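Below: the structure, in structure tokens.
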Amino acid sequence: KFEFNPKLGIDNPVLSLAEDYDPSDLWSLERPRFYLLNKEEGRTFGFHLQQQPGRAGHVVCRVEPGSSAQHQGLREGDWILGVNNHVVEHEDYLMVIRRIRASGPRVLLTVLAQHVNEVARAQRGNNAHLCPPLGQGVRPRLCHIVKDEGGFGFSVTQGHRGPFWLVLSTGGAAERAGVPPGARLLEVNGVSVENLTHNQLNRKLWQSGKQVTLLVAGPEVEEQCRQLGMPLAAPLAEGWALPTKPRCLHLEKGPQGFGFMLREEKGLDGRLGQFLWEVDPGLPAEKAGMQAGDRLVAVAGESVEGLGHEETVSKIRAQGSRVSLIVVDPKADRFFSMVRLSPLLFLESTEAPDSPRGSGSASVVESKSPPVEDTAVAPVPGNFRQCFLYPGPGGGYGFRLSRAASKPGLFISQVTLGGSAAQAGLQTGDMILEVNGYPMGGDNDLKRLQQLAEAKPPLCLKLAARSQQGLEAWIPPGSR
């Protein structure tokens with residue numbers, strides 16, 4: 001039972017366990033709360049965080065009156081365990097802020113009250129078991145459907161008012177777009193349908209024309225979220241057959257600079273943003289795929305939404321001669337604005353198919369082409385450096401490892417453009433000398449990496465660059 005000290009107030013309760021307390025009921029006592037916050041244009045979510053000195057976790061230190069955070073019930077002293085589908089209890093404070101900003105106009109917080117947090121820590125030492133993330137493929141889906149001769153390829157269960165479930169036509173447009181069988185319909189074009197009448201839903205689908213974007217949840221997702229007490233929230237969604245994607249651009253400054261201009265102006269929806277113009281032919285920006293009219297949404301993986309022009313320029317300059325930018329073209333900008341989700345939530349879909357996804361670890365593969373013995377494993381003498389990596393918005397570090405077939409040793413065989421590894425300066429061919437202080441280059445490398453994959457960020461790598469001759473000798477043609 002709970003006994004509240006009236007002198008301290010309801011936010012600072014004194015917790016006592018009655019003699020007849022049943023330990024098996026700990027889950028119901030500890031169960032976290034979930035808050036889906038919405039941010040209006042020009043406003044914030046309405047809460048402030050502070051990190052406890054010498055302790056893991058992030059505490060709400062202030063809730064602004066009249067904000068979304070206050071309306072949803074967030075309180076001072078609450079502990080933030082998760083942001084969308086990421087456990088953040090042991091993450092760096094700045095990384096948590098980045099995740100919240102990267103979530104766009106909506107964010108799902110997993111929260112534990114202060115007094116319950118203390119009990120949970122005393123019982124189990126940490127709160128990791130209270131915030132299990134949804135696995136890949138067991139998350140709500142954002143599906144874009146294009147009507148064909150058979151229509152959208154689904155019908156809606158009858159009922160005067162929601163909730164609604166979809167019945168799919170075999171081989172129809174909805175099935176091809178990734179809508180799972182028996183899916184529950186949550187949103188149409190970014191608007192919740194939970195409280196719509198059947199007639200209102202039909203009208204909304206008709207107004208969509210030849211294309212519609214649905215947020216849906218299959219039976220497995222619905223059941224898992226029900227067991228966790230978690231809402232079927234849009235920021236948890238993974239994209240399926242989306243009509244457009246954010247783009248990662250990796251630029252290296254040339255003798256004539258990057259070759260683009262950044263301007264602050266109003267977009268198609270009237271919002272102020274940072275837009276890229278005057279992309280010079282033949283210079284790094286054009287070669288990286290920049291297009292005039294692209295809107296800048298992130299620099300080095302960090303969202304610049306809501307930042308002014310000078311602050312954004314400062315972030316770009318701080319990257320030096322190598323800059324990683326995430327941009328959206330006008331079509332993508334309109335799409336993500338319509339569904340009220342940040343394009344940064346769907347960066348995973350921009351990675352190569354064989355790059356790491358949804359994991360804090362890098363892939364390790366055996367090389368199919370044996371390296372040249374005398375050159376491929378030789379680092380450039382004295383060219384050692386350290387890099388610190390944090391997981392990106394998609395959860396991965398953005399690089400792939402290979403192991404030499406004939407000698408011990410691990411090296412970077414692929415770097416995802418715009419990922420954490422690229423931002424930290426990792427390059428294809430770099431040799432791994434140490435990971436978090438542990439030396440690499442022995443027979444136990446793979447076992448040690450598996451243990452380090454679960455280590456608390458940041459991941460500290462000591463690297464040695466290979467000679468260019470050795471790198472070209474190993475890398476198969478076309479794999480650069």
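If Val221 satisfies every condition in (1) β-branched (Val, Ile, Thr); (2) in a helix (DSSP H, G or I); (3) under 27 Å from Glu311 (Cα atoms) but one, which is the exception?
(3)
Counting just the residues of the range 188-221 that are touching a Pro at 6+ places or on another chain (Cβ under 9 Å) and open to solvent by 20 Å² or more (accessible area, probe 1.4 Å), which one comes out nearest to Arg334 (Cα to Cα)?
From the range 188-221, those touching a Pro at 6+ places or on another chain (Cβ under 9 Å) are 193-194, 211, 213, 215-221; that's our starting set.
Next cut, open to solvent by 20 Å² or more (accessible area, probe 1.4 Å) only: 194, 211, 219-220.
Working: Glu194: 24, Gln211: 14, Pro219: 30, Glu220: 31 Å.
Among residues in the range 188-221 that are touching a Pro at 6+ places or on another chain (Cβ under 9 Å) and open to solvent by 20 Å² or more (accessible area, probe 1.4 Å), the one nearest to Arg334 (Cα to Cα) is Gln211.
Of all residues in the range 35-51, which are in contact with a strand residue (DSSP E or B) (Cβ under 8 Å, 6 or more places away or on another chain) and not small (Gly, Ala, Ser)? Even if it seems obvious, please write down each step before you answer.
Our first condition is that a residue be in contact with a strand residue (DSSP E or B) (Cβ under 8 Å, 6 or more places away or on another chain); within the range 35-51, this holds for 35-39, 45-51.
Of everything in the range 35-51, those that are in contact with a strand residue (DSSP E or B) (Cβ under 8 Å, 6 or more places away or on another chain) and not small (Gly, Ala, Ser) turn out to be Tyr35, Leu36, Leu37, Asn38, Lys39, Phe45, Phe47, His48, Leu49, Gln50, Gln51.
Is it true that Pro281 is closer than 30 Å to Val221 by Cα, over 17 Å from the mean Cα position of the chain (by Cα) and surrounded by fewer than 16 Cβ atoms within 10 Å (Cβ to Cβ)? Walk me through it before giving the result.
Numbers: closer than 30 Å to Val221 by Cα: no; over 17 Å from the mean Cα position of the chain (by Cα): yes; surrounded by fewer than 16 Cβ atoms within 10 Å (Cβ to Cβ): yes.
No: the conditions fail for Pro281.
In the range 139-179, which residues are touching a Lys or Arg at 6+ places or on another chain (Cβ under 7 Å) and not hydrophobic (A, V, I, L, M, F, W, C)?
Lys147, Pro163, Gly178, listed by residue number.
Answer with yes or no whether Gln291 is without any contact (Cβ under 8 Å) to a residue 60 or more places away in the chain, open to solvent by 30 Å² or more (accessible area, probe 1.4 Å), under 29 Å from Ala177 (Cβ atoms) and not assigned by the TED database to the domain that holds Gly150. Explain how you work it out, then say what you get.
Numbers: without any contact (Cβ under 8 Å) to a residue 60 or more places away in the chain: yes; open to solvent by 30 Å² or more (accessible area, probe 1.4 Å): yes; under 29 Å from Ala177 (Cβ atoms): yes; not assigned by the TED database to the domain that holds Gly150: yes.
The answer is yes for Gln291.
Confirm whether Glu348 is touching a helix residue (DSSP H, G or I) at 6+ places or on another chain (Cβ under 7 Å), modelled with pLDDT under 90 and within 28 Å of Leu134 (Cβ to Cβ).
Spelling it out, it is not the case that Glu348 is touching a helix residue (DSSP H, G or I) at 6+ places or on another chain (Cβ under 7 Å), modelled with pLDDT under 90 and within 28 Å of Leu134 (Cβ to Cβ).
Please indicate, with yes or no, whether at least one residue in the range 8-15 is open to solvent by 80 Å² or more (accessible area, probe 1.4 Å), assigned to a loop (DSSP other than H, G, I, E, B), small (Gly, Ala, Ser) and at pLDDT below 85.
no
Tell me which residues, restricted to the range 61-98, are in contact with a helix residue (DSSP H, G or I) (Cβ under 8 Å, 6 or more places away or on another chain), free of Cβ contacts under 8 Å to residues at least 60 places away in the same chain and assigned to a strand (DSSP E or B).
Within the range 61-98, Val63, Trp79, Ile80, Leu81, Val83, Val87 qualify.
So Gly282 fits all but one of (1) on the phi > 0 side of the Ramachandran plot; (2) not in a loop (DSSP other than H, G, I, E, B); what number is the exception?
(2)
Return the residues of the range 240-264 that are surrounded by fewer than 22 Cβ atoms within 10 Å (Cβ to Cβ), of a type outside the set (Lys, Arg) and under 27 Å from the mean Cα position of the chain (by Cα); say none if nothing qualifies.
The answer is Trp240, Ala241, Leu242, Pro243, Thr244, His250, Glu252, Leu262, Glu264.
Tell me, which residue of the range 294-324 that is open to solvent by 50 Å² or more (accessible area, probe 1.4 Å) and in contact with a helix residue (DSSP H, G or I) (Cβ under 9 Å, 6 or more places away or on another chain) is farthest from Gly254 (Cα to Cα)?
Gly306
For residues that are at pLDDT below 80, aliphatic (A, V, I, L, M) and either in contact with a His (Cβ under 9 Å, 6 or more places away or on another chain) or open to solvent by less than 30 Å² (accessible area, probe 1.4 Å) (or both), tally how many sit in the range 427-448.
Selection size over the range 427-448: 1.
Give me a count of the residues in the range 64-87 that are surrounded by fewer than 22 Cβ atoms within 10 Å (Cβ to Cβ) and among the β-branched types (Val, Ile, Thr).
Residues in the range 64-87 being surrounded by fewer than 22 Cβ atoms within 10 Å (Cβ to Cβ) and among the β-branched types (Val, Ile, Thr): 1 in total.
The values are calculated or read from the model by the stated rules, or taken from the named source; none is laboratory data. For clarity, every value in this text was computed on a predicted model and none was experimentally measured. We place every Cβ from the backbone using ideal geometry, glycine too, and count neighbours over all the protein chains shown. These area figures cover heavy atoms from the full protein model, side chains too; ligands, DNA and RNA do not enter into them. Shrake-Rupley method; radii C 1.70, N 1.55, O 1.52, S 1.80 Å.
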